[in-house]
Amino acid sequence: MAINLSFNRLIWILLLLNLGACSTLSPPKDENSNIYAVPAGSKLILHQDLQIKPKSARVYLRNGEVSNKPGGKSYCVFKVNDVIPDVQILKADEFIVRKTQMGTVNITMHDPMILASTDGGSVNDVTLVWHLWLESPHQPNVRMLTCGGIRNHPSRAHRLSINEIRTHLGEIATLEILDDDK
């Protein structure tokens, strides 16, 4: 009986040690990996002013150029809080990334319309995105940079890596990753 009890204790101890070891694992710090998130405290430096069209709260970037809406292709988009009837200027500035979130934009097709939702309802295609929540004392209206992969079936959808995000920013902005090992 004593041997059986000790064996059971040993199994439980090994199981708990294995579970504890798993809880400390983190994704590799690989800027080409689509699971490595931009760490909070990183910097996004906007090198030039960007124009936001009237009655809009966003400006899209693709491959280093200002672009129209994503149209199913990968992209990054600066978002501000206010929608106003006039042109808004997103000024060249340095922003701190306060937090990073993974997200999914669900796309439901209804010819001839495309409806986007975030409620997880009936879905045909999705876009996997990163939301980088930005902060600058000079531009409190700037909310975030969202970068999304190509719209695709959920089994084939792809979230952008940090280096793919940099490709969309081009010379317009620089993403400096916080080195949290220092």
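Rule-based calculations on the coordinates, nothing more; no lab input. Everything numeric here is computed off the predicted structure, so don't read it as measured data. Don't worry about glycine lacking a Cβ; one is built from the backbone with ideal geometry, like all the others, and counts go over all protein chains shown.
Assorted remarks:
- Listed by chain and number, the lysines whose C-alpha is less than 21 Å from the C-alpha of Lys29, apart from same-chain residues fewer than 8 away, are Lys43, Lys99, Lys182.
- Each Cα pair under 8 Å and six or more residues apart adds its separation to the average, and for segment 31-176 the resulting relative contact order is 33 percent.
- Taking Cβ atoms as reference points and 12 Å as the exclusive limit, the residues near Arg62 contribute a net charge of 0, counting Lys and Arg as +1 and Asp and Glu as -1.
- Cα shape, segment 31-176, gyration tensor, a/c 1.5 rule: oblate
- Shape category assigned to segment 40-111 from the gyration tensor of Cα positions, a/c cut at 1.5: oblate
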